[in-house]
Amino acid sequence: MLEFLVMGKLGIYVQVPFCQTKCTYCNFHTGVVASSRFAPYVEAVCREIRGHRELLREAGVDWCVGLAGKVHSLEWLCHEAIADTVYIGGGTPSLLDPAHLQDILDAIRATFEVDFEEVTLEADPETVEAGKATAWVRTGINRVSFGLQSFVDKELVAAGRMHRRADIYRAVPILREAGIRNISFDLIAGLPHQTKRSWRQSLEELAVLAPEHVSVYLLEIDEGSRLGKELLQGGGKYSAGAVPSEDEMAEFYEMAQEALGAAGYHHYEISNWAKPGFESRHNLKYWRREPYLGFGAGAHSFSGTERWANARDAAAYVTAVQSGRLPVEQHEVLTAASALEEELFLGLRQLDGIDVGRIEQEYGVALTERFDPLASAGLVERDGNFVRLASGRLSVSNEVFVELMK
């Protein structure tokens, strides 16, 4: 937080909750809607961006209050912070017309001081066209994050994905030709019909295409998705019977660690790898607890002392903003205890670990008693002032976090 106060850097997130289809594993609040809904939604997002100070104030959120007394130029920091990263996520924001993306980025430029180092667009391979890619670059987008999930068509079909392996190989050269020099691939370990052999195929084909960044996620099993609910109920729909076991998913994760390391990727966060210098600048703000503002239905924001989120229903969001209201659905002023928990949880997600000395000094706590039992059990490693997850325990990190928070 002090770094932000000195440098005045801010992340901007824009949520686009529209998809072509709902994937079976998806637990996000997204929907399939007519394209005629896109323009009114983008207009509402731009209105929220331009009027966010007044809208937040009327919604009872004063995101500057937690900074009071820390610097002399509080007004400048809150109102003129430099936005250096933008992340347009979803959903599938690549469904929007490039003119819509231009409107959103123009609204950000008109509202904030900007020095864009990284402007990310989430995209699905089948939505990529040469004309659109060229237009994306003209808007200022310089990074594209692909939700590939797999290179195996059988797995993509079972997961309800629209694209196929051939679409990936078609889309990447289009982006390169347009001038995108920073591409990220997402893979999911644990999709229905996934085997050790097919997972190795996805890892090998990924290495051939050589994206600058890779995210690997384990399949989440919860009631928030159709597949997750089916698994919990013991049903067979959505190929639930073909989902790998937890042990197999852990093995797939470890295979990814080995394969990506051999391909020259630096493992910097539990789920993320990057070629040197291509770590996600925007996502690092989340893990480092740096401030960011979220715009759109379901978007989350963080000031350093407060967290809040907009209502998730896109239609309700548009109606509210059109009437001059911001539908803040969640609003939390962090206590010292909850902020400390976030420091530990988010800090340990990073492979560099956490600076225990800094946290002890900043929060006035002693952490040795918390970490000693975990170190003795081989769950964490200490290196001077730094504590990090043990390298062989990353695939079971949630168990470590549970133990730490007891």
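Residues of the range 307-330 that are in contact (Cβ under 8 Å) with a residue 12 or more places away in the chain and open to solvent by 80 Å² or more (accessible area, probe 1.4 Å): ARG312, GLN322, ARG325, GLU329, GLN330. Looking only at helices (runs of 4 or more DSSP H) that fall completely inside the range 211-317, which ones have 2 or more residues that are at pLDDT below 95 and of a type in the set (Lys, Arg)? Passing ranges, in order: 226-232.
With respect to the conditions (1) among the β-branched types (Val, Ile, Thr); (2) at pLDDT below 95; (3) more than 20 Å from the chain's Cα centre (by Cα), VAL42 lacks only one, and its number is (2). Filtered by the rule that a residue be of a type outside the set (Phe, Trp, Tyr), part of a strand (DSSP E or B), farther than 23 Å from CYS26 by Cβ and open to solvent by 10 Å² or more (accessible area, probe 1.4 Å), the range 81-133 gives ILE82, ASP84, GLU113, VAL114, ASP115, GLU117. Summed over the range 226-250, residues that are in contact (Cβ under 8 Å) with a residue 60 or more places away in the chain and touching a Lys or Arg at 6+ places or on another chain (Cβ under 9 Å) total 3. Evaluation of ALA158 against the conditions (1) in a helix (DSSP H, G or I); (2) touching a His at 6+ places or on another chain (Cβ under 7 Å); (3) closer than 29 Å to TYR13 by Cβ shows that the sole unmet condition is (3).
Note on the range 277-306: residues that are open to solvent by 50 Å² or more (accessible area, probe 1.4 Å) and either farther than 25 Å from LEU394 by Cβ or in contact with a strand residue (DSSP E or B) (Cβ under 6 Å, 6 or more places away or on another chain) (or both) amount to 3. Count, please, the residues in the range 177-190 that happen to be more than 16 Å from the chain's Cα centre (by Cα), open to solvent by less than 10 Å² (accessible area, probe 1.4 Å) and either at pLDDT below 95 or small (Gly, Ala, Ser) (or both). Adding up the residues that qualify gives 2. Filtering the range 64-97 to residues that are out of contact with any Leu (no Cβ under 6 Å at 6 or more places or on another chain), among the hydrophobic types (A, V, I, L, M, F, W, C) and modelled with pLDDT of 50 or more leaves CYS64, VAL65, CYS78, ILE82, VAL86, LEU95, LEU96. Looking across the range 369-384 at every residue that is in a helix (DSSP H, G or I) and within 31 Å of the chain's Cα centre (by Cα), the one that is surrounded by the most Cβ atoms within 10 Å (Cβ to Cβ) is identified as LEU374. Among the residues making up the range 324-338, those that are out of contact with any strand residue (DSSP E or B) (no Cβ under 8 Å at 6 or more places or on another chain) and under 18 Å from VAL61 (Cα atoms) are GLY324, ARG325, THR335. Checked against (1) open to solvent by 20 Å² or more (accessible area, probe 1.4 Å); (2) farther than 17 Å from GLY89 by Cα; (3) not hydroxyl-bearing (Ser, Thr, Tyr), ALA339 meets all criteria but (1).
The values are calculated or read from the model by the stated rules, or taken from the named source; none is laboratory data. Here the structure is a predicted model, which means the values were calculated and not measured. In this analysis, Cβ positions are derived from the backbone assuming ideal geometry, glycine residues included, and neighbour counts consider all displayed protein chains. With ligands, DNA and RNA removed, areas are computed over all heavy atoms of the protein, side chains included. Shrake-Rupley method; radii C 1.70, N 1.55, O 1.52, S 1.80 Å.
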